[in-house]
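First the structure, in the form of structure tokens, and then the observations on it.
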Amino acid sequence: MFKLAVLNYRTFALAGILGLVVVWQSAHAHTRLKTPVIQENAANHGSNYNDVVIAHGCQNTTDGASTISTLGTVVVFPDGKDSIITTGTVSGTAHTGTLSDFVTNWGNPVTIIQDGSIFSHQEYIQDSLGNKLGFWSGGGSKLKAGYRGLIPFTTAGVVIEPASCAKNVTFIVSIVDVCEITDSNGFSNETVQMWTPAVGSIYDGEGLHGYDSPATLTIARSIAPLPSSCGEGVDVFVKPSAAQLNRDLRIILDGAQLWPK
Ligand SMILES: [Cu+2]
């Protein structure tokens, strides 16, 4: 009788722990960068090694669990040209100047690290000048639901404008994990996981898992000290425009657009 009670208690405690894990995963385990905060131009050769962490697959409609495997992922950084720049908070004061008021060398932020351990294909996403603004990786074996995936890449060293009052510059990174190839009307929790800022692009995903919950890369000021006139300094946020996401957040292979259909 006593032993049974202990067993029941243990079963209950285990269920409680498992329940907590499930709740925690659905609440917090989104696709993010493995290292979301880096120092200004910190690493040798101006590169910072990082990974996109795909934390879970897509959700089935029966119980909403993330049981659908991932076919690929698309990652885009703001181009810094027609980007939305704010200070204070991500929805703070709009900055009327350009990104060069805060960052001296933004333009070609991403280098792919060749790796076919999860997906077989890797391609850059470039602007019309050839600047590498992101990449996609897909095909080959899927990332199995229930497993996590690390997709390696590097970011170029970022230099904060010494005369500015920026103490941190956070780039809002837009990522879509694709579980099924559809057109944009087919976006659902079963087909995509969209980690994008809601800026009015076709990738907003209002009502879907991860709505307006993008990944971020924060550059912490670490070279030139803040000018004394700056006081505490300001946090700067850089989001892509809707036009940029509609243009750049796509999977194109050999000139043909594979996703969205
Ligand atoms: Cu999630």
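The numbers here are math on the coordinates, done by the rules we state, and not lab data. Fair warning: this is a prediction, and the values are worked out from it, not measured in the lab. Neighbour counts run over all protein chains shown; Cβ positions are idealised from the backbone, glycine included.
Left without a cysteine partner by the 4.7 Å Cβ rule in the chain: not a single residue.
In terms of the Cα gyration tensor, with a ≥ b ≥ c the square roots of its eigenvalues, is segment 161-261 rounded because a/c is under 1.5, prolate because a/b exceeds b/c, or oblate? Verdict is prolate for segment 161-261. The angle between the Cα long axis of helix 2-28 and the longest principal axis of the Cα atoms of the chain comes to about 30 degrees, rounded to the nearest 10. Among the trypsin sites (Lys or Arg not before Pro) found in segment 133-192, those both in a DSSP coil and sparsely packed, with 15 or fewer other Cβ atoms within 10 Å of their Cβ, are K144, R148.
What percent do you get for the relative contact order of the chain when only Cα pairs under 8 Å and 6+ apart count? Please report the intermediate quantities before stating the final value.
Working: 603 pairs, mean separation 66.5, N = 261.
Taking the mean separation of contacting Cα pairs over the length of the chain, I get 25 percent.
Take the Cα of N185, step 7 Å toward its Cβ, do the same at A163, and the gap between the two points is 5.3 nm.
Applying a threshold of 26 Å to the alpha-carbon distances of K34/K261; K81/K144; K34/K167; K132/K239 flags K34/K261; K81/K144 as lying beyond it. With a simple spin-label model that places each label point 7 Å from the Cα along the Cα-to-Cβ direction, the separation between D254 and N60 comes to 3.5 nm. Separation of segment 123-184 from segment 231-250 is 13 Å, based on Cα centroids.
Relative to its residue count, the chain spans a Cα convex hull of 170 Å³ per residue.
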